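I have placed the structure first, in the form of structure tokens, so that the comments after it can refer back to it.
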Amino acid sequence: MSSVMISDIFRDAIFHILILSAPMLLSALIVGLIISVFQATTQIQEQTLSFVPKVLSIFLVLMLAGPWLLTTLVEFTLSIFNQISNVIL
């Protein structure tokens, strides 16, 4: 296994980590922004007000995008296993 092959695997792994985590992070970011604008306009400065909507939005995105996330992760895992089986010892 060459260093180029290893760096390609790490690059693909980091790419998949970013792609798979992006929907949840973006939903939490958007909900947090909406809640913070609401807090700024109403002058409610409660720290825990934004926690529950963020968690609910993350769970909603996980439920909606779960099959796609799982399919992408399984395809990546299978490609890693195929690359391992092709390595000459």
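The values are calculated or read from the model by the stated rules, or taken from the named source; none is laboratory data. It should be emphasised that the depicted structure is a prediction, and the values quoted were computed from it without experimental measurement. Every residue, glycine as well, gets a Cβ built from its backbone with ideal geometry; the counts of neighbours run over all protein chains shown.
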*In the set LEU26, LEU62, which member is surrounded by 13 or more Cβ atoms within 10 Å (Cβ to Cβ), assigned to a helix (DSSP H, G or I), without any contact (Cβ under 8 Å) to a residue 40 or more places away in the chain and not basic (Lys, Arg)?*
LEU62
*Is it the case that segment 28-48 has a residue that's under 14 Å from the mean Cα position of the chain (by Cα), on the phi < 0 side of the Ramachandran plot and modelled with pLDDT of 90 or more?*
yes
*Restricting to segment 1-12, what's the tally of residues that are surrounded by 12 or more Cβ atoms within 10 Å (Cβ to Cβ) and within 19 Å of VAL74 (Cα to Cα)?*
3
*Output the qualifying pairs, or none if there are none: Cβ atoms under 7 angstrom, residues six or more apart or on different chains, first residue in segment 1-21 and over 14 Å from ILE84 (Cβ atoms) and at pLDDT 90 or above, second residue surrounded by 11 or more Cβ atoms within 10 Å (Cβ to Cβ) and of a type in the set (A, V, I, L, M, F, W, C).*
HIS16/PHE76; LEU20/LEU69; LEU20/LEU73
